[in-house]
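The values are calculated or read from the model by the stated rules, or taken from the named source; none is laboratory data. Owing to the predicted nature of the structure, the values given are computational and were not obtained by experimental measurement. All Cβ positions, glycine included, derive from the backbone under ideal geometry; neighbour counts span all protein chains shown.
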There are 2 protein chains.
Amino acid sequence: MTTGLTLKNLLNIEITGSGTAFPERGRWITNEDIHQMIFGDNWAEKMAEKKLRPDYYETELGLKKRFWTHTPGTTISHNELTSADLMIEAAENAIKDSGVPKNEIDFTIAVTITSPKYSTSMGPYISGKLGLMAPALEMKTGCASNIFSISLAAQLLQNGARNVLIACGETTTKILRMNSTMAYAGGDAGVAIVLSRSNANNKGIVAAYLNTNGSYSDYMGVKGLMPPNQQELDNDNYVLSYVEGTEEFLQQAWNTTPGILYDASGIRPDEIDCLITHQVHKKRTIAAAKAADVPMEKTIDIVGEIANCGSTGVLLALDNARKTNRLSKNQTAMLVAGGGGISWGGMIIKT
Amino acid sequence: MTTGLTLKNLLNIEITGSGTAFPERGRWITNEDIHQMIFGDNWAEKMAEKKLRPDYYETELGLKKRFWTHTPGTTISHNELTSADLMIEAAENAIKDSGVPKNEIDFTIAVTITSPKYSTSMGPYISGKLGLMAPALEMKTGCASNIFSISLAAQLLQNGARNVLIACGETTTKILRMNSTMAYAGGDAGVAIVLSRSNANNKGIVAAYLNTNGSYSDYMGVKGLMPPNQQELDNDNYVLSYVEGTEEFLQQAWNTTPGILYDASGIRPDEIDCLITHQVHKKRTIAAAKAADVPMEKTIDIVGEIANCGSTGVLLALDNARKTNRLSKNQTAMLVAGGGGISWGGMIIKT
């Protein structure tokens, strides 16, 4: 039996704007930069001693560079960019791209797994800074957050909202350890989209599929008990830790999603113009294309340039698809995402 | 011009279950207990010296007791109840009350402003512990969170979900200072409801109103920059702080909400069987009854027994209304909530 929730025919909806944020105050970091940070100037020798292949991250995982607001393992500073800063800049760019006046944005969904605040909702926080006056909330469910947030936004548009802003920011570098398994894998980013009500009843979400298996919730995450306290800080527990054991389930979750979406929508693989997935590493993107039966040339693969940026991944790929004209009007796209939690899902949209 | 989003006719929906959590591992604390904790055994003398009235909290604010999982100002311990523990116990109670089999719950919304985890979404976390296998997310927008979460749940029910669980837990005591302005005001609680699809097209949300003015986002909240770091801990910045200046706007937000709901629904004040508000203090409840033009005997006023329990307040009042038969089948209720953020709103529901 297939579990999870399938939503169908959330139509009369268009993506009218998208934008990213990689501000100049951050830095673009190559694999060599990280080799140097971990192993020092003679990293080539040191890595050889430890039998680590310097080319591994590019050759095996397709990772070349990533954007950092912070150097993992160092003290967090008020001078550094926060996830909120990234959301706000991306939102400004997306709103500008959409041409929608700010007073016609009727809802804001802020998304992050690396909020700069405890307790304060990033929805009100960023909407205040953006000068919006409309309901706003913060939500998260790992790397699939934006499959969920787009599904919620679509329903709000169907019930009267004219335009919904989804603004997403991550500073994963602030919870990564500076070591050879973690430092290369993550990056920081801001991305936002504006979804708008449309007169066209052939545009929108044809089918969406959402699911969560929370029994894996303890396998990946920041262990330290909150609110912040000295004991957890002393034990270095406010960094991302990972326990092996989710990979098989996660792979299966990604692999079964396209079939569920094809069944729910009646759309065939050869009708997909663009496959837009959460960006983890190259192997995951290749596996996703295979599972969706979509050729790699129709698949957005930008992970080499950004690494895994938490919940922003699928929207970064969507923005890239729009900006490179690989997703334009009157096309059909599939979105797929899944990650720590485990929440996963996808959707087939018509533009 | 009225800003904000109004949703209408989210019908064919029933509240089928509700439940709370105040487990035995926590403690019920009277005003006198707090006098003693702050001022010592000779608190009467000490308070008189400082011209503090021991009866102020009950006489002026209507606060008599509250549930604590933690003593404000002390070290947080792994032995204490967390917001997740409270959500899970409340959810079990609500699910049992609803009679809905767990495998027919198609979505879980976890709500908290005091999560026990950074980065990890409480949606997957609690749904895993509850043994659910359905999509789950965490959301927040201050004390109005559950006006928003019920609105989202209603839309999911209209688009195919059979039952939606909203589970809410707060441990505000872990971010309160132990002083005479803060320690009396807050409490801890878990509460959950199950919303279900219904064949009755006269049951559900007749009208809902949601809004946010994020320009007040910095006035109330935990200041310290996240993720947790030593500097903010040393500066005692991971506790709730409050800057004067929101009260007038917040009052106006609460006061204008009923009129917007009456206009949107065509329902008159005398048709309201039960007024269910977020529980702040007695003055706020009285003001809300006046603004809604509903007599106090139809208003749920339990703040004296629980104090302000963050985002759980409106659902605690709703559960109380159901359990005391002040809200039963075929009635009309108004919900109103608003707080730090500032997010606010309300809804008129038919049961």
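Some values worked out for this structure:
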{"item": "Test: residue in the range A:128-137 that is crowded, with 24+ Cβ neighbours inside 10 Å, touching an Asp or Glu at 6+ places or on another chain (Cβ under 8 Å), modelled with pLDDT of 95 or more and not acidic (Asp, Glu)", "result": "yes"}
{"item": "Residue match in the range A:267-290 (condition: touching a helix residue (DSSP H, G or I) at 6+ places or on another chain (Cβ under 8 Å), buried (at least 18 other Cβ atoms within 10 Å of the Cβ), within 27 Å of A:Tyr56 (Cα to Cα) and within 14 Å of another protein chain (Cβ to nearest Cβ))", "result": "no"}
{"item": "B:Gln230, sole failed condition from (1) over 25 Å from B:Tyr125 (Cα atoms); (2) away from chain A (no Cβ under 14 Å)", "result": "(2)"}
{"item": "Any hit, the range A:307-324, residues being polar (S, T, N, Q) and assigned to a loop (DSSP other than H, G, I, E, B)", "result": "yes"}
{"item": "Of residues in the range B:106-125 being of a type in the set (Val, Ile, Thr) and more than 7 Å from chain A (Cβ to nearest Cβ), the one nearest to A:Met226 (Cα to Cα)", "result": "B:Thr112"}
{"item": "Within the range B:326-351, tally of residues that are within 14 Å of chain A (Cβ to nearest Cβ) and under 25 Å from B:Tyr219 (Cα atoms)", "result": "10"}
{"item": "Condition check for B:Asn179: outside any strand (DSSP E or B), under 21 Å from B:Ser217 (Cβ atoms) and more than 9 Å from every other protein chain (Cβ to nearest Cβ)", "result": "no"}
{"item": "Cβ pairs under 6 Å, 6+ apart, first in the range B:195-215 and at the interface with chain A (Cβ under 9 Å from one of its Cβ atoms) and free of Cβ contacts under 8 Å to residues at least 60 places away in the same chain, second crowded, with 19+ Cβ neighbours inside 10 Å and not in a loop (DSSP other than H, G, I, E, B)", "result": "B:Ser215/A:Gly128"}
{"item": "Failed item, numbered, when B:Ile286 is tested on (1) part of a helix (DSSP H, G or I); (2) within 25 Å of A:Pro135 (Cα to Cα)", "result": "(2)"}
{"item": "Index of the failed condition, A:Lys140 passing every other in (1) closer than 20 Å to A:Tyr238 by Cβ; (2) at the interface with another protein chain (Cβ under 10 Å from one of its Cβ atoms); (3) part of a loop (DSSP other than H, G, I, E, B)", "result": "(3)"}
{"item": "Conditions (1) touching a residue at least 40 places away in the same chain (Cβ under 8 Å); (2) within 11 Å of another protein chain (Cβ to nearest Cβ); number of the one not met by A:Asp218", "result": "(1)"}
{"item": "Top-ranked residue in the range B:9-45 [being within 14 Å of chain A (Cβ to nearest Cβ) and of a type in the set (A, V, I, L, M, F, W, C); ranked as nearest to B:Asn93 (Cα to Cα)]", "result": "B:Ile13"}
{"item": "Unique match (being within 14 Å of another protein chain (Cβ to nearest Cβ), modelled with pLDDT of 95 or more and farther than 19 Å from B:Ile175 by Cα) among B:Thr82, B:Thr6", "result": "B:Thr6"}
{"item": "Of all residues in the range B:143-176 being more than 7 Å from every other protein chain (Cβ to nearest Cβ) and part of a loop (DSSP other than H, G, I, E, B), the one that is farthest from B:Leu81 (Cα to Cα)", "result": "B:Arg162"}
{"item": "Residue in the range B:235-256 that is in contact (Cβ under 8 Å) with a residue 40 or more places away in the chain and touching an Asp or Glu at 6+ places or on another chain (Cβ under 7 Å) present", "result": "yes"}
{"item": "Residue in the range B:179-202 that is among the acidic types (Asp, Glu) and out of contact with any Phe, Trp or Tyr (no Cβ under 7 Å at 6 or more places or on another chain) present", "result": "no"}
{"item": "Selection count where residues are in a strand (DSSP E or B) and either among the aromatic types (Phe, Trp, Tyr) or in contact (Cβ under 8 Å) with a residue 60 or more places away in the chain (or both), scope the range B:289-306", "result": "0"}
